[in-house]
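Shown next, in structure tokens, is the structure this report addresses.
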Amino acid sequence: MHNLLRAAIAATSLGLTTQASALTILLTNDDGCRAPGIQALYRELSAAGHRVTLVAPDTDNSGIGAASVVAPGQALAVTRLADHQYCVGAPAGFALPAGKNMAVGTPVDAVNTGLDLLLKDNPPDLVVSGSNFGDNAGPLIQMSGTLNAALWAMRRGVPAMAVSTAIDLPLVQRDPQAGLQLTRDALGDSARLAVRVLDRALAAGQIAQKTCVKSQDACAFNLLGLPAGQGLNLNYPARPVAQVRGLVYAPVSDWSPIVFAVQADKDGGARVNLTAPTAPNERQRREDAYLLTQGYAVLSVVGTDLNGSRDGEQRVRELLKSMKP
């Protein structure tokens, strides 16, 4: 995490309120354009003075990852939900072509619709994705439509931030109604913290930009104070605000309390079920997914580096040399 942003976030507390610089924001998610999480974030971002346009899937696209339309000529239905709010989905009467399974109206489709069509003449400064109903920490970010909408925006050159509100899985398993209500009740608090984190990140970005100007170097930092191609991932616990233990920075983990496994069913088929996670090791206890289970709001950095590190590149070069006849 860039030191400027780390310092700015360290100054943030759950009770802090400041006014951020007004941005043009494209807001999306994977739960759908009418979901309570995205509507809470729309209200809070707008109340903070940002110019927000909501462009999100017409239906719930949870777990769809980075799927999108890949058939040239495929129509999308773009409908107006309210002022500055749009839903993107399949057109009326759409049916999958025989033998095909493809996604239409996904979070990535929504981002593309916003950037290529609805905000084409007024490009957004930032894409915000969320707030997702359920956390997106650890390995879950790979399958998350919420995270992949943010990552896709970054790949298209627009800084992005993802926001998620966790589910208390043990409580949901004991009492589904009470557990889900806990997350619903936390959506507003999650959105308000996201706005405060954004405010501090923008301050860090301004410092970084000024530093670049003074040094006369080409600035490699985006408006969030992060290197180009990197963005923020905020996860908020399923707790009343008074019980949240604080906001911390942590790297994305390879451990999660939520583990899906494919198992045989009694009819000889297959079924996806939740299974018990392994116990986290010492390192994993310092990372995002575990800290979230302990009641912390957790901020992580995510990015679009598909080429690996320089060290990784060098290792591959050495591997190829060793394969020469």
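The values are calculated or read from the model by the stated rules, or taken from the named source; none is laboratory data. In this text, all values refer to a predicted model and were calculated from it rather than measured experimentally. All Cβ positions, even for glycine, are placed from backbone atoms using ideal geometry, and neighbour counts span all protein chains on display. When the accessible area is computed, the model is the full protein with side chains, heavy atoms only, and any ligands, DNA or RNA have been set aside. Shrake-Rupley method; radii C 1.70, N 1.55, O 1.52, S 1.80 Å.
Each of 81, 148, 247 was scored by the projection of its Cα onto the charge dipole of the chain, and the greatest displacement toward the positive side belongs to 247; charges sit on the C-beta of Lys, Arg, Asp and Glu.
Each part reduced to its alpha carbon centroid, segment 46-62 and segment 239-266 end up 24 Å apart. Decide, for segment 45-160, between rounded, prolate and oblate: order the square roots of the alpha carbon gyration tensor eigenvalues as a ≥ b ≥ c, take rounded if a/c falls under 1.5, and otherwise choose prolate if a/b is larger than b/c, else oblate. Taking the square roots of the gyration eigenvalues as a ≥ b ≥ c, segment 45-160 is oblate.
From the Cα gyration tensor of segment 142-235, with a ≥ b ≥ c the square roots of its eigenvalues, which class applies: rounded if a/c is under 1.5, or else prolate if a/b is larger than b/c, or else oblate? Prolate is the answer for segment 142-235, as a/c is 1.5 or above and a/b outweighs b/c.
Against the criterion of solvent-accessible heavy-atom surface with a 1.4 angstrom probe, 83, 121, 168 sort, most first, into 121, 83, 168.
I'd like to verify something in the chain: which complete DSSP H helices, judged by Cα projection on the helix axis, reach 20 Å or more and average at least -0.5 on the Kyte-Doolittle scale?
Those that clear 20 Å and a mean of -0.5 are 176-215.
Could you tell me which of rounded, prolate or oblate describes the chain, using a ≥ b ≥ c as the square roots of the eigenvalues of the alpha-carbon gyration tensor, with rounded for a/c under 1.5 and, failing that, prolate when a/b is larger than b/c and oblate otherwise? Rounded, since a/c falls under 1.5. A dipole drawn for the chain from +1 and -1 charges on Cβ atoms has a positive end, and of 229, 179, 39 the residue lying farthest that way is 229. Under 5 Å from the amide H of residue 54 lie the amide H atoms of 27, 85, 86, each residue being 5 or more positions distant or on a separate chain, with H modelled from the backbone and absent for Pro and chain starts.
At R0 = 30 Å, how high is the FRET efficiency between residue 271 and residue 184 if r is their beta carbon distance? Nearest 0.05 is fine. It comes out at approximately 0.60. Within the chain, antiparallel bridges make up roughly 40 percent of the DSSP beta bridges whose residues both belong there.
Report the calculated FRET efficiency for residue 243 and residue 317 (r = Cβ-Cβ distance, R0 = 56 Å), to the nearest 0.05. The formula returns an efficiency of 0.65 here. Per residue, the solvent-accessible area of segment 151-289 (1.4 Å probe, heavy atoms of protein chains only, all protein chains present) comes to 51 Å².
Karplus-based coupling profile of segment 96-110, in residue order and whole Hz: 5, x, 4, x, 10, 10, 9, 9, 9, x, 8, x, 5, 4, 5, with θ = phi - 60° in 6.51 cos²θ - 1.76 cosθ + 1.60 and x standing for Gly or Pro. Summing Cβ point charges (Lys, Arg +1; Asp, Glu -1) relative to the Cα centre of the chain gives a dipole of roughly 600 debye. Using θ = phi - 60° in the Karplus curve 6.51 cos²θ - 1.76 cosθ + 1.60, the 3J(HN,Hα) couplings for segment 264-280 round to 6, 9, 5, 8, x, x, 10, 9, 8, 10, 7, 10, 5, x, 6, 6, x Hz; x is entered for Gly and Pro. Which is the longest stretch in the chain that no exposed loop site breaks, taking sites as trypsin sites (Lys or Arg not before Pro) with a DSSP loop state and at most 10 other Cβ atoms within 10 Å? For trypsin sites (Lys or Arg not before Pro) (loop position, at most 10 other Cβ atoms within 10 Å), the longest site-free span of the chain is 121-265.
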